[in-house]
1. Going 7 Å from the Cα of residue 35 along its beta-carbon direction, which residues of the range 46-62 have the amide nitrogen within less than 14 Å of the resulting point?
2. Once you put a point 7 Å from the Cα of residue 169 and another 7 Å from the Cα of residue 52, both along the Cβ direction, what distance in nm separates them?
3. Computed FRET efficiency, Cβ-Cβ of residue 64 and residue 44, R0 22 Å: what is it to the nearest 0.05?
4. Where does each of 178-185, 111-118 land if you order them by average Cβ count within 10 Å, highest first?
5. Residue by residue through the range 179-192, which ³J(HN,Hα) values in whole Hz follow from phi under the Karplus form 6.51 cos²θ - 1.76 cosθ + 1.60 (θ = phi - 60°), with glycine and proline marked x?
6. Can you tell me the FRET efficiency between residue 196 and residue 16 if r is taken as the Cβ-Cβ distance and R0 is 35 Å, rounded to the nearest 0.05?
7. Suppose all protein chains stay in the model; what accessible area per residue would a 1.4 Å probe give for the range 4-106, in Å²?
8. Ordered by residue, what ³J(HN,Hα) values in Hz, to whole numbers, does the range 35-47 give under the Karplus form 6.51 cos²θ - 1.76 cosθ + 1.60, where θ = phi - 60° and Gly and Pro are x?
Amino acid sequence: MSDIEPALTQSEVLEEEYLELRGSLPEGYVQQRDLILREFGNDRHKCDERILLAFRNALNDESKQPPLTAVALSGGGIRSATFALGVLQALAKRTPVLRQLDYLSTVSGGGYLGSWLTAWIHRIQNGRDGVMDQLSGDAGIENIPLNPRRGPSEPTNEPEPVSHLREYSNYLTPRLGLLRPDSATLFATYLRNLMLNWLILGPLIVSMLLLPRLYVAGLLLNPWNKNVHIQTASTQAIVRMNPNLVGSTPWWM
């Protein structure tokens with residue numbers, strides 16, 4: 001058990017993350033951290049809190065290092081992905097923010113576009129700069145690989161990854177058609193999800209419909225006895241709607 005290393009503190013995790021992004025820690029932060037470690041080294045929790053505060057203050061001092069930048073792409077299905085694509089193209093043309101990007105946060109439809117952008121950056125030769133050049137149009141039409149399946153109405157200077165994204169924007173059924181496998185897959189997926197929902201909701205609905213009968217059975221201890229006094233107005237209404245409940249043989253006999 002003594003060979004097991006202790007878990008990293010939050011400040012240690014943030015330090016490693018910052019080193020991956022910038023290559024070195026903020027100026028002046030290391031000296032403050034060492035002072036805190038010498039003063040509160042025995043109290044791991046308090047030491048981590050003080051280091052986190054020092055790290056935050058160092059990050060907020062923009063005079064010593066440039067601030068971190070982030071882009072967040074919200075959810076909303078394929079519509080949000082389409083909107084986010086236009087935002088990324090506008091940012092690539094008008095500002096250098098995407099070339100200095102530190103964090104990309106996505107969810108749902110934004111994640112669809114974020115994963116596409118990340119895959120493109122990792123697959124292209126010049127990485128992020130190459131992608132930004134193509135998105136902004138600075139690469140020149142002769143240096144942009146175009147989509148050979150480009151239709152007549154599509155832009156003539158659009159990079160192949162962007163055309164591919166547009167072509168497969170309907171990712172549930174990329175190839176439409178009554179007899180195409182994508183349509184059969186969509187129908188099977190819909191039917192499966194419908195059955196799963198009914199397996200959950202069906203018994204619940206049936207149980208709710210049985211509650212009135214169970215309620216009456218609980219109040220009428222002998223439902224086949226005509227002389228039973230019915231206590232509540234709701235039970236009387238149920239019996240009026242179904243008079244066979246009183247004076248008949250119960251269903252479990």
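1. Backbone N within reach: 50-51, 53-55, 57-58.
2. Label-label distance for residue 169 and residue 52, simple model: 4.2 nm.
3. On the way: r = 28 Å, r/R0 = 1.27.
Computed FRET efficiency for residue 64 and residue 44: 0.20.
4. Details: 178-185: 11.1, 111-118: 18.6.
Going from most to least packed, we get 111-118, 178-185.
5. My calculation for the range 179-192 gives 9, 7, x, 4, 5, 5, 5, 4, 5, 5, 5, 4, 5, 4 Hz in order.
6. On the way: r = 42 Å, r/R0 = 1.20.
With R0 = 35 Å, the Cβ-Cβ based efficiency is 0.25.
7. Working: 6850 Å² over 103 residues.
Roughly 67 Å² per residue, with all protein chains present.
8. Listing the rounded values in order: 5, 5, 4, 6, 7, 10, x, 6, 9, 4, 5, 5, 4 Hz.
The values are calculated or read from the model by the stated rules, or taken from the named source; none is laboratory data. Quantities reported herein were computed from a predicted structural model and do not represent experimental measurements. Ideal geometry is used to build each Cβ from the backbone, glycine not excepted, and the neighbour counts take in all protein chains shown. Side chains are part of the model used for accessible areas, which takes the heavy atoms of the whole protein and leaves out ligands, DNA and RNA. Shrake-Rupley method; radii C 1.70, N 1.55, O 1.52, S 1.80 Å.
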